[in-house]
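Okay, so here's the structure we're looking at.
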Amino acid sequence: MGIPTGAPVLLWFRQDLRLTDNPALAAAIASGRPVVPVYVLDRETPGRWAPGGASLWWLHHSLTALAASLTDRGAGLVLRRGRAAEVIPAMVAETGASAVYASRLYEPWARDSDAAVASALKRREVPIHGANASLLFEPWTIRTRAGGPFGVYGPFSRACFAAGPPAQPARAPTRIPAPSRLAPSDRLHDWGLLPTHPDWAGGLRETWGPGEAGAQARLTRFVAHHLATYDALRNRPDLGATSALSPHLHWGEISPRQVWHAAEAGGAPRGEGTETFLKELLWREFSYHLLWHRPAMPEQPLKEAFAHFPWRNDPGSLRAWQRGQTGYPIVDAGMRQLWHTGWMHNRVRMIVASFLIKHLLLPWQDGEAWFWDTLVDADLASNSASWQWVAGSGADAAPYFRIFNPVLQGAKFDPQGAYVRRWVPELARLPAALIHAPWQASPLELADAGVALERSYPAPIVDHAAARARALAALDSITRDKGAA
Ligand code: FAD
């Protein structure tokens, strides 16, 4: 390849913060022009779905890693902030770029914003080339026999498997041709993405290595140690047997194709672990499929009847849930894991979500908003689809009247209580038989374990049986037809 000359092209990084298997990057290089990589921090356009606190922490570190990789390969990263619909056309004018390469986003706000970018560029006769860097299947390509979108996961996943395996991931480029002088850039530190007063990110720093190298290391470790047993152990929060790739996938530090093919190669002959793991990746695809076809999903119940659900307004209970002070150990352990690490095990996400919605009768949107701010993997598609799934208001959702008993869930999925001991240390000395229901312990047993109910650890904020009856009555009030729920 000769040294590229002439007008550069803009490479607009978005949720594809990687060099390996990045089709927008590959296409920009293939143009034969110098490449100007840019990232735009746009906290205005997404409105209430602008990244939350934990996401911004991640973004800071991920951009640091990306900038270093780009510099290693002869390019750099230009940082700008503002509305993308203004910044991208302005950068095109400033650099004289002849084209823009960008990976696609699927969020409703991004669809509107991208249309505005495209029409501004069209006026300048500058093409924008979109690429799929985040999904195995574009949401509009998987269709029912009748040609419509899927509303149920089972047939959706079968259609994905029938579509054949995704393409093999492409290698990272060794050099990226850049213009002799890169456009001026903001300084990342000036963006203030990291928390300072107070610095609550200690647990995040201990837990995560944002960036492409951290993502690849996690994938390699997971395939070597946990893939084979994934089917059997994935529901056990005490064992850490899942991949924890979700934040890396959200930010595009690794592509789902890389994950798919590593799992297929690592699980040969394809065992149950691999099969189940690939199906989980397809839940992510299904969430994007739903978001694309039902863009109101983050705000409104997909099942119309739930728009009239008699939710309670109870800030005290919401706060107890957020802080891990409900008196139900498995719920509190999950909420504290979330607060400390920015992540929570999937089984526990289902338990805490069910508790908020059904035991506390608080709107799923409240839980969705808290997760949005605190998760490092906060993802509009997966978060809203999952909350609606638990609420019973979503596509192919768990029926509302199936109400998790947090004590039985704890005993089943954290049988020795190790997960609760890790995150609710004030209960650590209780025996396994009591750790999921400390209020059932005798005064002597509590004293032996150093637990003072209502002082060192709260009594349950709701009674399970009463809460269950209240939730079912609420459901009855919106429909006499259980089939609709
Ligand atoms: P693994 O079990 O290793 O699975 C591999 C990958 O498959 C995950 O990284 C993820 O990308 C995908 N995946 C697995 N399960 C699901 C699922 N049920 N739905 C969608 N994708 C899935 N996931 C997010 O990425 N972002 C969110 O904001 C989010 N919010 C959730 C809210 C609730 C109430 C619930 C019940 C689930 C939510 N999930 C969300 C889905 C799921 O809990 C996480 O993807 C998973 O726990 C991530 O852990 P992991 O990477 O170890 O998953």
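Before moving on, here are some points about what is shown:
- Scope region 103-132; condition within 21 Å of the chain's Cα centre (by Cα) and hydrophobic (A, V, I, L, M, F, W, C); matching residues: 105, 109, 110, 131
- Applying the criterion of being surrounded by fewer than 17 Cβ atoms within 10 Å (Cβ to Cβ) and in a loop (DSSP other than H, G, I, E, B) to the residues of region 240-286, the residue that is nearest to the ligand (Cβ to nearest atom) is 240.
- Answer from 68, 24 - the residue that is assigned to a helix (DSSP H, G or I) and either crowded, with 21+ Cβ neighbours inside 10 Å or touching a residue at least 40 places away in the same chain (Cβ under 8 Å) (or both): 24
- Among the residues listed as 18, 33, 43, the single one being in a loop (DSSP other than H, G, I, E, B) and free of Cβ contacts under 8 Å to residues at least 40 places away in the same chain: 43
- Out of 379, 373, 366, sole residue that is surrounded by fewer than 22 Cβ atoms within 10 Å (Cβ to Cβ), in contact (Cβ under 8 Å) with a residue 12 or more places away in the chain and either within 7 Å of the ligand (Cβ to nearest atom) or within 13 Å of residue 54 (Cβ to Cβ) (or both): 373
- Taken over region 450-468, the residue count meeting the criterion of being without any contact (Cβ under 8 Å) to a residue 60 or more places away in the chain and part of a loop (DSSP other than H, G, I, E, B) is 7.
- Scope region 204-226; condition more than 10 Å from the ligand (Cβ to nearest atom) and either in a loop (DSSP other than H, G, I, E, B) or hydroxyl-bearing (Ser, Thr, Tyr) (or both); matching residues: 207, 208, 209, 210, 211, 220
- Residue match in region 155-173 (condition: aromatic (Phe, Trp, Tyr), within 25 Å of residue 255 (Cα to Cα) and surrounded by 18 or more Cβ atoms within 10 Å (Cβ to Cβ)): yes
- Cβ-Cβ under 8 Å pairs, at least 6 apart or on other chains, region 385-410 side closer than 15 Å to residue 288 by Cβ, far side within 12 Å of the ligand (Cβ to nearest atom) and part of a loop (DSSP other than H, G, I, E, B): 385/394; 388/394; 388/397; 389/396; 389/397; 389/398
- Extreme residue, farthest from the ligand (Cβ to nearest atom), among residues of region 395-413 that are surrounded by 15 or more Cβ atoms within 10 Å (Cβ to Cβ) and over 14 Å from residue 350 (Cα atoms): 411
- Qualifying residue in region 227-236 (condition: within 12 Å of the ligand (Cβ to nearest atom), part of a helix (DSSP H, G or I) and surrounded by fewer than 16 Cβ atoms within 10 Å (Cβ to Cβ)): yes
Only the coordinates and a few stated rules stand behind these numbers; no lab work does. For clarity, every value in this text was computed on a predicted model and none was experimentally measured. Using ideal geometry, Cβ is built from the backbone for each residue, glycine included, and neighbour counts are taken over all protein chains shown.
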